[in-house]
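S.K.: Have a look at this one before I ask anything.
The values are calculated or read from the model by the stated rules, or taken from the named source; none is laboratory data. All values reported here derive from a predicted model rather than from experimental measurement. Cβ atoms come from the backbone with ideal geometry, glycine included; neighbour counts cover every protein chain shown.
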Amino acid sequence: MLIEIDGLEKRYGELRALKDVTLSLPEGRIGLLGPNGAGKSTLLKSILGLLPPSHGSVKVFGTDVNHDPFSVRSRIGYMPEGDSVMPEMTALKYTTFAAELCGLPASEATGRAHQVLHYVGLGEARYRRLGSFSTGMKQRARLAQALVGDPKLLLLDEPTSGLDPRGRDEMLALILDIPQRTGSSVVLSTHILPDVEKTCDQVVVMAEGDVLYAGGITPLITPDKDVYEVRTKGDPDALKKPLELSRCVVTREGTNLEVRVPDGEDANYILKIAVEAEQQVRHLAPLTHTLERAFMKTLEDAGKA
């Protein structure tokens, strides 16, 4: 496993920022998803060994980060959230400095900095001061410093925050390309669900310091074969009551009904009840789960929505 976390807790006085987190994360592209204040940034800093645990352990590449933090951090690139650049530095000096901190000799560090700045789209701006950069350019510079040490694991904390739609799409394209180009794994921490849906194959859902789900995205969004989306001509409530009287579980979502049929039944059961109730069905299909729908359901099931 790439990351193994066992019983991790992080307390600040009475506040439990992480609550008995136990995870095993494989290599690949992993989305760390949750609302603001869920504990995502705290978890990333714990993986880096920057925050000592109140209880529990974190292993990365099989090494306990609290026993040998420098060995672990030497193989991790970290893009922190927020404005963490040095405004008086040029992009080239900033990225070269990051490369030297990773242990590269000065001459090699400069060459590597040129390379990654071109890769993230800052080749022509690499001699400009970071203080003159737009938000999107600063995000690219932060990504460059995370990449410059050729890490085996990349931790990205809200990398699309503050970006316009074009900048966001370009950043997501880079996040998709990096594992293919370098073979590194990526942990993407965000509260923006479509970013995870576009780039990740694994997801961890967090809220209030708890892990609510950890696993593949596909099982999370696989449609439930017993639940159907129904749209009628006229008032949906005219069909809702007959369905409920026929042992269906029905939820109204705007003009649509979400209908769970009894075990052993299928869409024909709904059509039969609609005919008996003299209601015209205009749309009937298995309910399609998006990551957003699955995320909200996970929060609701845990009582954290």
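S.K.: Whether any residue in segment 132-146 is more than 24 Å from Gly28 (Cα to Cα), over 23 Å from the mean Cα position of the chain (by Cα) and outside any helix (DSSP H, G or I) is what I want to check.
M.R.: Looking only at segment 132-146, we keep the residues that are more than 24 Å from Gly28 (Cα to Cα), and these are 132-138.
If we keep only those that are over 23 Å from the mean Cα position of the chain (by Cα) too, we end up with 132-134.
Those still in the list that are outside any helix (DSSP H, G or I) too: 133-134.
Yes: segment 132-146 contains one or more residues that are more than 24 Å from Gly28 (Cα to Cα), over 23 Å from the mean Cα position of the chain (by Cα) and outside any helix (DSSP H, G or I).
S.K.: Next question, about the same structure. Could you tell me which of the residues Arg128, Arg112 is among the basic types (Lys, Arg) and closer than 23 Å to Pro179 by Cβ? Please lay out each step first, then the result.
M.R.: Working: Arg128 fails: closer than 23 Å to Pro179 by Cβ.
Being among the basic types (Lys, Arg) and closer than 23 Å to Pro179 by Cβ holds for just one of Arg128, Arg112, which is Arg112.
S.K.: Those residues that are of a type in the set (Phe, Trp, Tyr) and crowded, with 16+ Cβ neighbours inside 10 Å, I need them from segment 62-88; list them, please.
M.R.: Residues of segment 62-88 of a type in the set (Phe, Trp, Tyr): 70, 78.
Residue satisfying the conditions is Tyr78 alone.
S.K.: Hey, another quick one. Which residue is nearest to the chain's Cα centre (by Cα), if the candidates are limited to segment 278-305 and must be farther than 30 Å from Leu33 by Cβ and buried (at least 17 other Cβ atoms within 10 Å of the Cβ)?
M.R.: Once the filter is applied, the top-ranked residue is Leu284.
S.K.: For Arg126, state whether it is within 15 Å of Val148 (Cβ to Cβ), part of a loop (DSSP other than H, G, I, E, B) and not polar (S, T, N, Q).
M.R.: On the way: within 15 Å of Val148 (Cβ to Cβ): yes; part of a loop (DSSP other than H, G, I, E, B): yes; not polar (S, T, N, Q): yes.
Answer is yes for this residue.
S.K.: Also, quick follow-up: Enumerate the pairs (first residue in segment 146-158 and on the phi > 0 side of the Ramachandran plot; second residue anywhere and at pLDDT below 95 and in a strand (DSSP E or B)) with beta-carbon separation below 7 Å, excluding pairs fewer than 6 apart on the same chain, so at least 6 apart or on different chains.
M.R.: Final answer for the pair search is Glu158/Thr190.
S.K.: Here's a follow-up. I need the full set of residues from segment 157-174 which are part of a helix (DSSP H, G or I) and acidic (Asp, Glu), in order please. Please lay out each step first, then the result.
M.R.: Restricting attention to segment 157-174, the residues satisfying the condition of being part of a helix (DSSP H, G or I) are 165-174.
Of everything in segment 157-174, those that are part of a helix (DSSP H, G or I) and acidic (Asp, Glu) turn out to be Asp169, Glu170.
S.K.: So which residues in segment 175-196 are part of a helix (DSSP H, G or I) and surrounded by 18 or more Cβ atoms within 10 Å (Cβ to Cβ)? Quick ask: steps written out before the conclusion?
M.R.: Here is the first cut: in segment 175-196, the residues part of a helix (DSSP H, G or I) are 175-182, 193-196.
Residues satisfying the conditions are Ile175, Ile178, Leu193, Asp195, Val196.
S.K.: Do we have Arg11 as in contact with a strand residue (DSSP E or B) (Cβ under 8 Å, 6 or more places away or on another chain) and surrounded by fewer than 16 Cβ atoms within 10 Å (Cβ to Cβ) here? Explain how you work it out, then say what you get.
M.R.: On the way: in contact with a strand residue (DSSP E or B) (Cβ under 8 Å, 6 or more places away or on another chain): yes; surrounded by fewer than 16 Cβ atoms within 10 Å (Cβ to Cβ): yes.
Yes: the conditions hold for Arg11.
S.K.: Something else about it: Can you tell me which of Pro105, Pro159, Pro151 is within 28 Å of Ile30 (Cα to Cα), assigned by the TED database to the domain that holds Arg73 and surrounded by fewer than 23 Cβ atoms within 10 Å (Cβ to Cβ)? Before the answer, list the steps.
M.R.: Working: Pro105 fails: within 28 Å of Ile30 (Cα to Cα); Pro159 fails: surrounded by fewer than 23 Cβ atoms within 10 Å (Cβ to Cβ).
Answer to the check: Pro151.
S.K.: Which condition number does Gly34 fail, the rest of (1) in contact with a Lys or Arg (Cβ under 7 Å, 6 or more places away or on another chain); (2) closer than 24 Å to Thr218 by Cα; (3) surrounded by fewer than 17 Cβ atoms within 10 Å (Cβ to Cβ) being met?
M.R.: (3)
S.K.: While we're here: Cβ-Cβ below 8 Å, separation at least six or inter-chain, first residue in segment 219-237 and closer than 13 Å to Asn256 by Cβ, second hydroxyl-bearing (Ser, Thr, Tyr): which pairs?
M.R.: Pairs that qualify, where the first residue is closer than 13 Å to Asn256 by Cβ and the partner is hydroxyl-bearing (Ser, Thr, Tyr), are Glu229/Thr288; Arg231/Thr255; Pro236/Thr255.
S.K.: If Ser246 satisfies all but one of (1) hydroxyl-bearing (Ser, Thr, Tyr); (2) over 21 Å from the mean Cα position of the chain (by Cα); (3) closer than 22 Å to Thr42 by Cα, what's the number of the condition it fails?
M.R.: (3)
S.K.: Which residues, taken from segment 151-166, are modelled with pLDDT under 95 and more than 18 Å from the chain's Cα centre (by Cα)?
M.R.: Listed by number, the residues that qualify are Asp164, Arg166.
S.K.: Can I ask one more? Please note which strands (runs of 3 or more DSSP E) are completely contained in segment 200-249 and include at least 1 residues that are surrounded by fewer than 18 Cβ atoms within 10 Å (Cβ to Cβ).
M.R.: 210-216, 227-232
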